[in-house]
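Novice: Here's a structure for you.
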Amino acid sequence: MVRSQPFDVAIIGGGIAGLSVALRLPEHMRVVVFTKGQFGESNTRYAQGGLAVALGADDSPALHFQDTIAAGAGLCDEAAVRILVEQAPEAVRWLIQLGVQFDRANPGSEGHATPDGLLLGREGAHSRWRVLHAGGDATGAEIERALMAALRARSSITLYEKTFVERLLLRDGRCIGVEALDCEGQRFTLQARATVLANGGAGGLWLHTSNPAGATADGTALAWQAGAAVTDLEFMQFHPTVLVAHNETHLISEAVRGEGAYLRNHAGERFMPRYSAQAELAPRDVVARAILSEMQAEQTDHQYLDLRHLPAEKMHARFPTISALCRQHGLDLAKDLLPIEPAAHYCMGGVLVDTAGRTTVPALYAVGEVACTGVHGANRLASNSLLEGLVYGVRIADELAAGWNGTARAALTHTATLITYDDALEADSIPFACVDEQTLRCTRQELRQLMWRSVSLSRDQEGLLTAQQQARALRAQLAHAHVEDEAQPRLVETLNMLLVAELVIAAALERRESRGSHWRQDYQGTNVDLAGHRFVFLSPHAARCAQKEVAVHA
Ligand SMILES: Cc1cc2nc3c(=O)[nH]c(=O)nc-3n(C[C@H](O)[C@H](O)[C@H](O)COP(=O)(O)OP(=O)(O)OC[C@H]3O[C@@H](n4cnc5c(N)ncnc54)[C@H](O)[C@@H]3O)c2cc1C
C-alpha cells in the first residue's frame with residue numbers, strides 16, 4: 001500500500017544524526033522520520049561522556065584535528081576530519097539554540113570551562129579538556145530530550161514510531177523511498193525525493209556490548225541490499241570499561257578515567273603505565289587490548305576500575321547515572337573496585353559516504369554511526385561520534401535545502417581496493433520453514449557468541465573463516481523462513497545482523513595487518529603500505545557500476 005503524497009526527505013532514525021537532519025531542513029520541506037522503537041530510544045540516549053568540541057581558551061580545531069588523527073591510527077580521512085573539527089563550534093551553538101542544556105560552571109566553582117561558562121570534561125587521547133556534557137553523565141538523554149521536543153513542535157515533520165523500515169525502494173538505480181512495517185505488522189511504502197539512513201550502530205552483533213538492543217546494523221544491511229558500497233567494517237571499537245554485574249553490561253564512561261580513575265588487575269597493580277605513556281588515557285584500542293592481555297595473563301574474565309583515591313562526593317555528583325547504576329548492583333562507585341571488561345561499542349565503518357553524506361546510490365544519504373565518512377579511521381576518539389552525527393547531519397540538510405542534484409553520488413577513490421562480495425546463498429541450502437520468536441532469539445544468541453569468540457579484540461584467519469561459515473549457515477536457515485506478522489520485523493532484523501556479520505568478517509579477513517581496533521593475532525604488525533588504504537565492499541551488481549565510476553575518478 002502506498003501511503004500519502006511523496007515526501008521531500010525520508011529519514012530513518014531518531015538519534016542525534018537523524019534528528020539533526022530533520023530539524024535543520026527548512027519548514028517548507030515535507031519530511032518524515034522513522035524509528036523502529038519508541039521515539040527517543042536510540043544509542044544517542046545512552047551517551048554518557050559527552051560531545052567533543054574545541055571551545056576551551058587553550059584549545060583549537062587544529063589541536064582537535066591532531067588528536068583525532070592520532071587516535072585514528074593512520075586511517076582517518078583528513079578532509080573529513082577537518083570539516084568535523086572546524087564546523088563543530090557553529091553546529092554546537094545551533095544545538096544549544098535548539099534547547100540542549102549542557103552543564104555550566106557555577107560562579108566561583110572549580111573545574112575546566114569555556115570562556116562563556118560551559119563545563120569541559122577530559123577523555124582518553126584528548127590533549128585538552130574539550131568534552132561538553134549534560135546532567136553530569138547523562139549527555140545523550142539531554143540531547144535526545146531537547147531534539148525530540150523541538151521536533152514535536154514542527155508540524156512539517158511526520159513521525160512514524162515503532163515502524164520498521166525493511167527495504168529501500170529503487171527505480172533505475174536511484175533510491176525513491178522506503179518500504180516499512182507499522183506496529184500492527186502492516187506493510188506500506190512511502191516515496192521521497194531523498195532518503196537518509198541514520199539507523200545507528202551494530203553493537204548488538206556481539207555477545208558483550210554497551211549498546212541497547214536496537215543496535216542491529218539495519219542501515220548497513222538496507223544500503224548493501226540497495227547496492228551501496230560499505231567500508232571499514234573490520235573496525236569495531238571495543239570500549240575498555242563496561243561494568244560486568246549480574247550478567248548485565250553497562251558502560252562506564254571514559255570521562256571517569258578522565259577524572260583520574262585507575263585500572264587495576266587482580267594483584268592490585270595499576271597496570272596501564274606498563275602499556276602506554278598515556279596510561280589510562282591512552283586511545284581506546286590500546287586500553288582495551290591491555291585489559292585483555294591482563295585478563296589472559298591472570299585467566300580472569302574482568303579487571304577493575306578504581307576511583308577510591310578520588311573525592312567521593314565529587315565523583316557521585318559528576319557521575320550520577322553511573323553512581324546509581326553501581327548502587328543497583330550493590331557497588332559504591334567511590335568505595336568499591338568496579339569489575340569491568342571491554343565490550344563492543346562503536347562501529348567506525350559503515351555505508352561509504354563523501355563529505356556531503358552521499359552514498360554510492362543516487363538520492364540515498366547516510367549519517368551518524370551507520371555511515372563511514374572516514375573521520376574515525378581505525379579507532380574513534382572519545383566523544384567524536386555525537387559530534388559527527390551533528391556536523392554531518394547539518395551538512396546533509398544544508399545540501400538538500402539548497403536544491404540538490406538527485407543524481408549525485410559518492411565517488412570511489414583510487415586509494416581503496418574494491419572487493420566484490422557475493423552474498424548469494426546456494427538455493428538448495430535454504431529450507432522453507434515456519435519459525436517462531438524463540439528460534440529467532442536462539443539464532444541471534446548463536447551469532448553473538450560466535451562474533452564474540454572469533455571476531456572481537458583478537459582475530460586470526462582460522463577463527464574468522466569458521467565464523468564466516470557459521471554466520472552464513474545461520475542466514476541460510478532463515479532466508480526463506482515464515483513468521484507471524486508481528487514477528488516480521490524481528491526476522492528481518494535477525495537477517496540484517498547475519499548479513500552484516502558476514503560483511504564484517506569478510507572485511508576482517510581482508511585486512512592482513514593490525515591497526516587500531518582491528519587486531520590480527522596472525523598479522524601483529526601494522527603494514528605501512530596500508531596506511532590510509534580502505535577496503536570497499538560491493539555486491540556483484542553494484543561492483544559493475546563502480547568499475548565505471550572508478551574509471552572516471554581514479
Ligand atoms: C552507552 C553508550 C555511551 C556512549 N557515549 C558516548 C559519548 O559520551 N559521546 C559520544 O560521542 N558517543 C557516545 N556513544 C556513541 C553514540 O552515542 C552513538 O554513536 C550515536 O549516538 C549514534 O547516533 P545515531 O543518530 O547515528 O544513531 P542512534 O542514536 O543509535 O539512532 C538510531 C535510530 O535509528 C532507528 N532505526 C534503526 N533501524 C531502523 C529501522 N530498520 N527502521 C526504523 N528505524 C530504525 C532507531 O530506532 C533509532 O531511532 C555512546 C554509545 C553508547 C551505546
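Bear in mind these aren't lab numbers, they're just calculated from the coordinates by the rules spelled out. No experiment lies behind these values; they were computed from the predicted model shown. Neighbour counts run over all protein chains shown; Cβ positions are idealised from the backbone, glycine included.
Novice: Taking the Cβ of G136 as the centre, find all other residues whose Cβ is under 9 Å away and add up their charges (Lys, Arg: +1; Asp, Glu: -1).
Specialist: Net charge in that neighbourhood comes out at -1.
Novice: Roughly how big is the chain's charge dipole about its Cα centre, with Cβ charges of +1 (Lys, Arg) and -1 (Asp, Glu), in debye to the nearest 20?
Specialist: Details: 50 positive and 64 negative charges, 139 e Å.
That gives a dipole near 660 debye.
Novice: Please list 3J(HN,Hα) in residue order for the stretch 448-458, calculated via the Karplus relation 6.51 cos²θ - 1.76 cosθ + 1.60 where θ = phi - 60°; whole Hz, with x for glycine and proline.
Specialist: Here the 3J(HN,Hα) series is 5, 5, 5, 5, 5, 5, 10, 10, 10, 5, 9 Hz.
Novice: Please work out the ratio of the alpha-carbon Rg of the stretch 416-553 to 2.2 N^0.38 Å and round it to two decimals. Intermediate results must be reported in sequence, preceding the final value.
Specialist: On the way: Rg = 17.2 Å, N = 138, 2.2 N^0.38 = 14.3 Å.
Scaled against compact globular proteins, the figure is 1.20.
Novice: Can you tally the net charge around L292? Count Lys and Arg as +1, Asp and Glu as -1, for every other residue whose Cβ sits under 13 Å from the Cβ of L292. Kindly include the intermediate steps, with their values, before the conclusion.
Specialist: Details: positive: R284, R289, R459; negative: D285, E294, E298, D301, E341.
Once all neighbours under 13 Å are counted, the net charge is -2.
Novice: What's the magnitude of the charge dipole for the stretch 232-384 around its Cα centre, counting Lys and Arg as +1 and Asp and Glu as -1 at the beta-carbon? Answer in Debye, nearest 20.
Specialist: Working: 13 positive and 18 negative charges, 71 e Å.
Charge dipole of the stretch 232-384: 340 debye, to the nearest 20.
Novice: Now a separate question. In what sequence do C326, C175, C183 fall when counting other Cβ within 10 Å, fewest first?
Specialist: Placing the least packed residue first, the sequence is C183, C326, C175.
Novice: Quick one: which residues, 5+ away or cross-chain, put their amide H under 5 Å from the amide H of A408? H built at 1.01 Å from N.
Specialist: Those qualifying (amide H under 5 Å, at least 5 residues apart or on another chain) are A363.
Novice: Now a separate question. If you count, for each residue, the other Cβ atoms within 10 Å and average over each peptide, how do 48-57, 68-77 line up from highest to lowest?
Specialist: On the way: 48-57: 24.5, 68-77: 22.8.
Sorting 48-57, 68-77 by mean packing, highest first, produces 48-57, 68-77.
Novice: Modelling each spin label as a point 7 Å along the Cα-to-Cβ direction, I'd like the A324/Q296 distance in nm, to one decimal.
Specialist: Result: 3.9 nm between the two label points.
Novice: Using the Karplus equation 6.51 cos²θ - 1.76 cosθ + 1.60 (θ = phi - 60°), what ³J(HN,Hα) coupling, rounded to whole Hz, does each residue of the stretch 345-360 give in order, writing x for Gly and Pro?
Specialist: Result, ordered by residue: 10, 8, 9, 6, x, x, 6, 5, 10, 8, 6, 9, x, 7, 8, 7 Hz.
Novice: Quick query: amide H of T209 versus all other amide H atoms, modeled in the peptide plane; which residues come in under 5 Å with a sequence gap of 5 or more or a different chain?
Specialist: A344
Novice: Might you report the magnitude of the Cβ-based charge dipole of the stretch 416-553 about its Cα centre, with Lys and Arg at +1 and Asp and Glu at -1, to the nearest 20 debye?
Specialist: That gives a dipole near 540 debye.
Novice: So what are the ³J(HN,Hα) numbers for the stretch 364-369, from phi and the Karplus equation (6.51, -1.76, 1.60; θ = phi - 60°), rounded to whole Hz, Gly and Pro as x?
Specialist: Each residue's phi maps through the Karplus curve to give 10, 10, 9, 8, x, 5 Hz.
Novice: Further, regarding this structure: If Lys and Arg each add +1 and Asp and Glu each add -1, what is the summed charge of the other residues whose beta carbon sits under 11 Å from the beta carbon of G72?
Specialist: Working: positive: R380, R515; negative: D67, D77, E78, D232, D285.
That works out to -3.
Novice: Ranked from highest to lowest mean number of other Cβ atoms within 10 Å per residue, what is the order of the peptides 363-373, 272-282?
Specialist: Those peptides, ordered most packed to least, come out 363-373, 272-282.
Novice: Where Rh denotes the Kirkwood radius from the mean inverse Cα pair distance, what is Rg over Rh for the chain?
Specialist: 0.95
Novice: Nearest 5 is fine: what % of DSSP beta bridges in the chain come out antiparallel, could you say?
Specialist: Given both bridge residues lie in the chain, the antiparallel proportion sits at roughly 60 percent.
Novice: Using a 7 Å offset from the Cα along the Cα-to-Cβ direction at both L465 and H309, what is the distance between the two label points in nm, to one decimal?
Specialist: Between L465 and H309, the simple spin-label model gives 4.8 nm.
Novice: Ranked highest first by average number of other Cβ atoms within 10 Å, how do 163-173, 188-198 line up?
Specialist: Result, highest mean Cβ count within 10 Å first: 188-198, 163-173.
Novice: While we're here: Roughly how many nanometres apart are two label points built 7 Å out from the Cα toward the Cβ at A411 and A149?
Specialist: Each label point lies 7 Å from its Cα, and together they span 4.5 nm.
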